[in-house]
1. Under 8 Å for C-alpha pairs, at least 6 residues apart: give me the relative contact order for the chain, rounded to a whole percent.
2. Bin by bin, in steps of 10 Å, what percent of the Cα pairs in the chain do you find, going until the bin that has the longest distance?
3. Per residue, what accessible area does the chain have, given a 1.4 Å probe and all protein chains present, in Å²?
4. For region 20-66, what D do you get in µm² per second when you plug the Kirkwood radius from alpha-carbon pairs into Stokes-Einstein at 37 °C and 0.692 mPa s?
5. How many Lys pairs in the chain lie less than 30 angstrom apart by Cα atoms, where the lysines are 8 or more positions apart or on different chains?
6. Could you work out what % of the accessible surface of region 23-90 is carbon and sulfur, using a 1.4 angstrom probe and leaving DNA, RNA and ligands out of the count?
7. Quick one: longest stretch of the chain between exposed loop GluC sites (Glu not before Pro), exposed meaning at most 15 other C-beta atoms within 10 Å and loop per DSSP?
8. Of all trypsin sites (Lys or Arg not before Pro) in the chain, which ones are in loop regions per DSSP and have a Cβ with at most 10 other Cβ atoms within 10 Å?
Amino acid sequence: MKLPQTRLWIDARGENIDLSQHAEVLYIINNLAEQEKKQLLVEAVYPLVKEIAILEKPQNAVRISFNPTLISPSFIDYLLQQKGLTFVREGG
């Protein structure tokens, strides 16, 4: 007997995406100086954000620039948590 299948379609035709929008959020990520942590950071958010800037001051800080009509700071938090990074969000 074949199990019934459910299909789901997402209709994004009504979406209004403004590509000129810009927002930034600052994260303090534990042990960001380690190459492995930097790699995990890039793997987590690279295709979804505009820029990832690792700052010298404060230590272990990273500024992520993104389009708020495409992604939210809480979703960035989720992606970082999925990669096992421990962090504190400072803004956004």
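1. Once divided by the residue count of the chain, the mean separation gives 40 percent.
2. Over the chain, the share of Cα pairs per 10 Å bin runs 15, 43, 22, 13, 7, 2, 0 percent.
3. On a per-residue basis, the chain sits at 76 Å².
4. The diffusion coefficient I find is 299 µm²/s.
5. Number of lysine pairs found: 8.
6. Ligands and nucleic acids excluded, carbon and sulfur reach 48 percent.
7. 57-89
8. Counting only loop positions with at most 10 other Cβ atoms within 10 Å, the trypsin sites (Lys or Arg not before Pro) in the chain are LYS2, ARG7, ARG13.
The values are calculated or read from the model by the stated rules, or taken from the named source; none is laboratory data. Since this is a predicted model, take the numbers as computed values, not measurements. Please note: Cβ atoms are built from the backbone with ideal geometry, for glycine as well, and neighbour counts cover all protein chains shown. Heads up: the accessible areas ignore ligands, DNA and RNA and are worked out on the full protein's heavy atoms, side chains in. Shrake-Rupley method; radii C 1.70, N 1.55, O 1.52, S 1.80 Å.
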